[in-house]
Amino acid sequence: MRLLIIGGTSFVGRTIVGDALGRGHEVTTFNRGLTGKDLDGVEALRGDRSTDEGVRPLAGRRFDAVIDPGGLVPAHVLRTARAVADSSPFYAFVSTTAVYQAWNAEVDESATTWPGVADQDGDPADLAHLPVHKRGCELAVEQTYGLGACLVARAGSIVGPHDNLGQLPWWLTRIAQGGRVIAPGDPARGLQLIDVRDLSTFVLAQVEAQAAGMHNVVPDGPNTTMGRLVDTCVQATGSDAVPVWMDEGFLLSRGVRPWTEVPLWIPDVPETAGFWAVSGASAKAAGLRTRPFGDSVRDTWGWLRSGGEVEAAPGTPPLGLAGEKEQQVLAAWDSAGVLQRRRTGWSGWAG
Ligand SMILES: NC(=O)c1ccc[n+]([C@@H]2O[C@H](COP(=O)([O-])OP(=O)(O)OC[C@H]3O[C@@H](n4cnc5c(N)ncnc54)[C@H](OP(=O)(O)O)[C@@H]3O)[C@@H](O)[C@H]2O)c1
């Protein structure tokens, strides 16, 4: 097929470009030439989807399908879709499960989303409005192409080589440093992490079949646990790190911020009970296959070891606990454990 891939030089888009070339497609990328590098073998078009003038290079070009992996601003996606709608019959957009409003129970594709607006302009670095903006991007595609000619792939948390958010890379890097590492909550807490390569294979297979639809692209059920995440990082890095499993309430009371300071940690409270319980049933039925989580960890570590670096997009908050704060929290945990043992005679504190 002749494919136009918008962006295509960072993480998800880069992976899709590589896969598409491997599957024998002719690939044209469209980007500003500011982020990463176009892969060898593509036709690289330069342009900027944030202005009407910027999308002119797309005028008159014909493609069998367009794949838009990185759109963040509805007006930019609307402009792109309109620029190609007459000449390219199918549009695939990579969205996010962050479009759902409530996380207190399992969500499927029918769950209530944030109310996006298809022509809303904004700043791609404004991650505070990401859920509303991504929903607006979905609407921009749906309104331009119609539901029968577009794919909306709502990805969950993505892992794998070339990660540009950096959550799994943070865990690998921190554990590789060794020593006592804060580990949050219950090691048995399930996580749902989608490997970027499985996301890419799924998107391309749908595009090749021109299969319209909307799917949560997540493993259908937890594919790892917090405990296995830590263990596989220890194994992959060969580190002597020792996880110190801490009660979530204790971590929150010490001002440790979930998700940003301890990546991939979502407190196990009623409001987020469904965060790692997103239904992946429709993607599975449409052909999504997911690799073992250990492969994602091993290959991401391999990428980091070979010089790979997380090149975070503008607006992405820095991840991880500062070393000094980590030491203070560990010391406070040890003291709390000593006090507790003195009071109860119990000796079950981990780490
Ligand atoms: N990481 C996660 O856990 C996660 C979870 C769910 C969903 N997602 C979604 O996954 C997607 C990740 O995308 P990605 O960054 O990996 O895609 P990508 O296609 O690999 O990289 C983004 C591309 O967009 C191009 N670009 C940026 N601004 C542009 C503009 N104004 N005009 C033309 N091109 C422009 C960049 O190149 P230039 O800068 O050179 O233009 C770059 O090539 C996002 O949509 C995100 O919402 C991520």
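Every number in this text was worked out from the coordinates using simple rules, so none of it is lab data. What you see is a predicted model; the values in this text were computed from it and never measured. Using ideal geometry, Cβ is built from the backbone for each residue, glycine included, and neighbour counts are taken over all protein chains shown.
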Subject >> Potential extension, Asp247-Asp48 segment - 0.36 nm per residue separation minus Cα distance >> reply: 66.9 nm
Subject >> Computed [θ] at 222 nm, deg cm²/dmol, the chain (DSSP H ≥ 4; -39,500 (n - 2.57); rounded to nearest 500) >> reply: -10500 deg cm²/dmol
Original post:
Rounded to the nearest 5, what is the percent of antiparallel bridges among the DSSP beta bridges in the chain?
Top reply: 10
Original post:
So how much slack lies between Ala85 and Leu21, counting 0.36 nm per residue of separation and subtracting their Cα-Cα distance, in nm?
Top reply: 20.7 nm
**OP:** Taking H placed 1.01 Å from N in the peptide plane, check which residues at least 5 places from Asp195 or on another chain put their amide H under 5 Å from its amide H.
**Re:** Val159, Arg291
Original post:
At what distance in nm do the modelled label points of Glu324 and Ser282 sit from each other, each positioned 7 Å from its Cα along Cα→Cβ?
Top reply: 4.9
Subject >> Phi to ³J(HN,Hα) by Karplus 6.51 cos²θ - 1.76 cosθ + 1.60 over the range 56-61, Hz, x for Gly, Pro >> reply: 3, x, 7, 4, x, 8
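With r as the distance between the Cβ atoms of Arg257 and Leu39 and R0 = 35 Å, compute the FRET efficiency 1/(1 + (r/R0)^6) and round to 0.05. Present the calculation step by step, with values, prior to reporting the outcome.
On the way: r = 36 Å, r/R0 = 1.03.
E between Leu39 and Arg257, to the nearest 0.05, is 0.45.
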Original post:
Across the range 174-183, in residue order, what do the Karplus-derived ³J(HN,Hα) couplings come to in whole Hz, using 6.51 cos²θ - 1.76 cosθ + 1.60 with θ = phi - 60° and x for Gly and Pro?
Top reply: 5, 5, 4, 5, x, x, 7, 10, 5, 10
Original post:
Taking every eigenvalue of the Cα gyration tensor of the chain, multiplying by 5 and rooting it, what semi-axes result, largest first, whole Å?
Top reply: 39, 21, 18
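Please work out how much length the chain gains when fully extended from Thr316 to Arg289, using 0.36 nm per residue of separation minus the C-alpha to C-alpha distance, in nm with one decimal. List each step's numbers first, then the result.
Working: separation 27, 0.36 × 27 = 9.72 nm, distance 2.90 nm.
Gain on stretching Thr316 to Arg289: 6.8 nm.
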Original post:
Using the beta-carbon distance between Ala188 and Glu309 and R0 = 25 Å, what value does 1/(1 + (r/R0)^6) give for FRET efficiency, to the nearest 0.05?
Top reply: 0.15
Original post:
Hey, what do the phi angles of the range 284-289 turn into as Karplus ³J(HN,Hα) couplings, whole Hz, using 6.51/-1.76/1.60 and θ = phi - 60°, x for Gly and Pro?
Top reply: 4, 5, 7, x, 4, 10
